[in-house]
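Novice: For reference, the structure I am asking about is given below.
Values quoted throughout were computed directly from the atomic coordinates according to the rules given, and no laboratory measurement underlies them. Keep in mind that what you see is a predicted model, and the values were worked out from it rather than measured. All Cβ positions, glycine included, derive from the backbone under ideal geometry; neighbour counts span all protein chains shown.
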Amino acid sequence: MSYIPLEKVIDKVDYNMYKLVVLASRRAIELEEGLPSLISVDSQMKKTSVALLEIAEGKVGIKKIPQP
């Protein structure tokens with residue numbers, strides 16, 4: 001299991017832990033359903049770890065919708 005420090009990913013979601021959990025879980029589900037990884041990783045790595053690494057590298061993010 002790979003360790004991804006919280007400091008590497010929390011700033012990508014405006015320091016909001018809830019957003020991080022939702023984003024990582026949705027991306028992990030996409031990976032599990034067969035979508036390709038956006039980074040080069042070992043095929044044995046868990047999907048949740050891959051999702052967090054993608055977030056840390058800025059490959060996956062949250063769309064910001066402007067408020068009226």
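Novice: Working out 0.36 nm times the residue gap between LYS64 and ASP11, then minus their Cα-Cα distance, what length gain in nm do you get to one decimal?
Specialist: Numbers: separation 53, 0.36 × 53 = 19.08 nm, distance 1.46 nm.
Result for the pair: 17.6 nm of gain on full extension.
Novice: Hey, rough spin-label estimate for SER43 and LYS19, points 7 angstrom out along Cα→Cβ, what's it come to in nanometres?
Specialist: Here the modelled spin labels are 3.6 nm apart.
Novice: Do the sum for the chain: with -39,500 (n - 2.57) for every DSSP H run of n ≥ 4, divided by all residues, what is the mean residue ellipticity at 222 nm, to the nearest 500 deg cm²/dmol?
Specialist: Values: 3 runs with 30 residues, N = 68.
Helices in the chain give a 222 nm mean residue ellipticity of -13000 deg cm²/dmol.
Novice: Just order 47-57, 24-34 by mean Cβ neighbour count inside 10 Å, highest at the front, would you?
Specialist: On the way: 47-57: 20.5, 24-34: 14.9.
Put in order of decreasing packing, that is 47-57, 24-34.
Novice: Measure nothing fancy, just the Cα-based angle from helix 47-56's long axis to the longest principal axis of the chain, in degrees from 0 to 90, nearest 10.
Specialist: Helix 47-56 and the main axis of the chain meet at about 50 degrees.
Novice: Follow-up question, since we're still on this one. So what's the net charge close to ILE39: Lys and Arg +1, Asp and Glu -1, counting the other residues with Cβ under 10 Å from its Cβ? Could you put the intermediate results ahead of the total?
Specialist: Numbers: positive: LYS59; negative: GLU54, GLU57.
Around ILE39, the charge tally is -1.
Novice: What number of lysine-lysine pairs in the chain show an alpha-carbon separation below 16 angstrom, given a sequence spacing of 8 or more or placement on distinct chains?
Specialist: Lysine pairs, 8 or more places apart or on different chains, close enough: 9.
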